[in-house]
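All remarks here apply to the structure that follows.
The values are calculated or read from the model by the stated rules, or taken from the named source; none is laboratory data. All values reported here derive from a predicted model rather than from experimental measurement. Please note: Cβ atoms are built from the backbone with ideal geometry, for glycine as well, and neighbour counts cover all protein chains shown. For accessibility, only protein heavy atoms count, side chains too; no ligands or nucleic acids. Shrake-Rupley method; radii C 1.70, N 1.55, O 1.52, S 1.80 Å.
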Amino acid sequence: MYPITSRINTRYLLLCMLSDVFLMQVVQGDNRLAMPKVNQQQLAATVLPIPPLAEQQRIVAKVDQLLALCDTLESKLRDAEHGAQRLAEAMVAEIVA
């Protein structure tokens, strides 16, 4: 692990580092399959889009908002699937009875 001193929004940096674009840049020269390793040279050569701080904060807020929406939709989908399963079981029980 390398310590990272950041002068940008740390949540924005985390989101960038979890992105496919970042990961492709840092592991493109790595040939280890089980556990890829990023060396300091690869990390230093990585290019990140760094907008002004206010824009970073807006991006983080929007991503957090969208992730919360995804969580809500996943919960509603699970509830709907559970309801559909109960309905199917009730219909089968009605047919069998």
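What number of residues within region 36-70 are closer than 13 Å to Gln25 by Cα and either part of a helix (DSSP H, G or I) or free of Cβ contacts under 8 Å to residues at least 12 places away in the same chain (or both)?
So the answer is 8.
Checking Met24 against (1) open to solvent by less than 100 Å² (accessible area, probe 1.4 Å); (2) of a type in the set (A, V, I, L, M, F, W, C); (3) not in a loop (DSSP other than H, G, I, E, B), which single condition isn't satisfied?
Condition not satisfied by Met24: (1).
Filter region 34-72 down to the residues that are among the polar types (S, T, N, Q) and in contact with a Lys or Arg (Cβ under 8 Å, 6 or more places away or on another chain) and list them by number. Show your work before the answer.
Residues of region 34-72 that are among the polar types (S, T, N, Q), as a first pass: 39-42, 46, 56-57, 65, 72.
Of everything in region 34-72, nothing turns out to be among the polar types (S, T, N, Q) and in contact with a Lys or Arg (Cβ under 8 Å, 6 or more places away or on another chain).
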